[in-house]
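Reviewing the structure listed below.
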Amino acid sequence: MYSFREYLPYYKRNLRVALPVMLTQLGASLVGFFDSIMVGHYATVDLAAVSFANALFFMAMAFAMGALMAITPLVGICMGEMNVQQENQSAIRNKIAILFQNGMLFTVLLSALMLLLLGACIPFLDHFGQDPAVIEVARPYYILIVISLVPFLFFSFFKQFLEGLGNTMVAMVITLVMNGLNILLNWVFIYGNWGVEPMGATGAGLGSLISRIGMPLCFWAVMAFHKEWKQYLRMTWERFSWQRIHELARIGFPIGAQTFLETFTFAASFVIIGWISKEALAAHQVANQIADMTFMIALGIGAATTIRVSHQLGAGNLKAVRMASNASIHLVLVMNTIGAALIISLRNYIPMLFTEDTEVIAIASQLIVLAGLFQYADGLQAVGAAMLRGITDVKVPMMIAFVSYILIGLSVGLVCAFPLGMGASGIWIGFIFALAIAAICFHIRFNRKLRLLH
């Protein structure tokens, strides 16, 4: 039976961890938001180019970022053990240091793999059926953001590691500062200020590259000057272990595959909607940008859920695991209801922030309504996946994601978009089906796994 008084401490603890993550993720999303606004006011073709290039880039980026999420529950379980095993503090800290060092090597290997895959796509950008004018603008922007992936992945690793330790504030501060720098650089490079020639979409890519280089450097500096964290920066050959790298890959790659499949569904939608018209593609970018911002709330609560679940699992407190998970479900439902109400009520005004093109505004207004409606399914699937990551259950969720996002989501979207003549709106209906099915399956899976742990 539900008791608000019993859940209140869990709401507070989850929010204490989640709020900085929300602001971090929202800050990251705002970079794309302002990129789209600033590029959209420069030219519609540049907005479509940024949409197309990011659709390809974010598939690989989502996989790599997902793979790095493996470090959070592994470190989190260690922290839970440390809270109940006072006599083994030194040994557990050494275990965390081993995870950090091998996580760094894992990030190096992952970065090299992503560069190879994304770099191989450059000669084939004009084979996706897009407008040639869009491809011409997209190519230099794409090259710049591909290069920026390497420093961003190191930032992601530092972020996930500290989240495992229970700290979410450092990533928030660094993200907000670097995003402010990114917006300033966009103003300089996109429009041509301070004596710089206007670059349009290419300027947005250059701004992203410079700001992303600064992100891991700031993290390293913070850890180097922190009394407790600097011990993890001391690299020794004895701590490098292929077994640990294999463990990170064993947990991380299924998480990466799961996030890739979700991102692939959205990325494929950009390609498919590009077949309709460049106005539909630009409108889709507007709606997707708004949905991304509201999704950051669910993503923040999800990250807090993984941290809280892994800490309680390490401490052996299964009741607290369930209570923390349920608290996150309650929180995401409340917050996504507020988010849905806001974006639906402002659906006719939001597109005007991005463009003056009346056709784009009309299409985007319709898509924003659907983006608001899928908030519930999106939030529940994000928290459900995070709950499973907290107990390091990753392989079955990956298969659930494949069935939900690819087999069902894309199929329903294509049928609604073309045979049923619903256009871009049909693709968004496919999203709703995919996320709802994933959410139901993730929560059923978590409850079954938790019963087995008792």
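In terms of distances greater than 32 angstrom between alpha carbons, the cross-link table entries K95/K449; K227/K395; K12/K227; K230/K449 yield K227/K395; K230/K449.
Between the helical axis of 201-224 and the longest alpha-carbon principal axis of the chain there is an angle of about 10 degrees. Taking the 0 to 90 degree range and rounding to the nearest ten, how far is the long axis of helix 132-165 tilted relative to the main principal axis of the chain, both from C-alpha atoms? Value to nearest ten degrees: 20. Take the chain, mark every one of the trypsin sites (Lys or Arg not before Pro) that falls in a DSSP loop and has at most 15 other Cβ within 10 Å, then report the longest stretch left between them, sites excluded. After excluding every exposed loop site, the longest remaining stretch is 1-226.
Computed from backbone phi with θ = phi - 60° and the Karplus coefficients 6.51, -1.76 and 1.60, the 3J(HN,Hα) list for segment 276-284 is 6, 5, 5, 5, 5, 5, 5, 5, 4 Hz; x is used for glycine and proline.
The 3J(HN,Hα) values that the Karplus relation (6.51, -1.76, 1.60; θ = phi - 60°) gives for segment 69-76 are, in residue order, 5, 4, 5, 5, x, 5, 5, x Hz. Gly and Pro appear as x. Computed from the C-beta positions of Q231 and L353 and an R0 of 56 Å, the FRET efficiency is 0.75 to the nearest 0.05.
Per atom type, the chain shows carbon and sulfur on 69% of its accessible surface, probed at 1.4 Å. Sequentially through segment 234-247, phi angles give Karplus couplings (6.51, -1.76, 1.60; θ = phi - 60°) of 6, 7, 9, 4, 5, 7, 6, 8, 5, 5, 5, 5, 4, 5 Hz, Gly and Pro residues having no value and appearing as x. Rounded to the nearest 0.05, what FRET efficiency is calculated for E197 and L113 with R0 set to 45 Å and r the Cβ-Cβ distance? With R0 = 45 Å, the Cβ-Cβ based efficiency is 0.80.
Place a label point 7 angstrom from the Cα of N447 along the Cα-to-Cβ direction, then list the residues of segment 311-331 whose backbone nitrogen is under 18 Å away. Residues 319-331 fall inside that zone.
Give the shape of segment 172-321 as rounded, prolate or oblate, defined through the alpha-carbon gyration tensor: a ≥ b ≥ c are the square roots of its eigenvalues, a/c under 1.5 means rounded, and otherwise the shape is prolate if a/b is larger than b/c and oblate if not. Oblate, since a/c reaches 1.5 and b/c is not below a/b. The packing ranking, built from the mean of other Cβ atoms within 10 Å per residue, places the peptides 400-407, 34-41, 334-341 in the order 34-41, 400-407, 334-341, highest first. What the chain shows is 40 Å² of accessible area per residue, with the surface traced by a 1.4 Å probe over protein heavy atoms. Using the rule -39500 (n - 2.57) for each DSSP H run of four or more residues, divided by the residues of the chain, the 222 nm mean residue ellipticity is -28500 deg cm²/dmol.
The values are calculated or read from the model by the stated rules, or taken from the named source; none is laboratory data. Because the structure is a prediction, the values reported are computed rather than measured. Methodologically, a virtual Cβ is constructed for each residue, glycine included, from the backbone with ideal geometry; neighbour enumeration extends over all protein chains shown. SASA here: full protein model, heavy atoms, side chains in, ligands and nucleic acids out. Shrake-Rupley method; radii C 1.70, N 1.55, O 1.52, S 1.80 Å.
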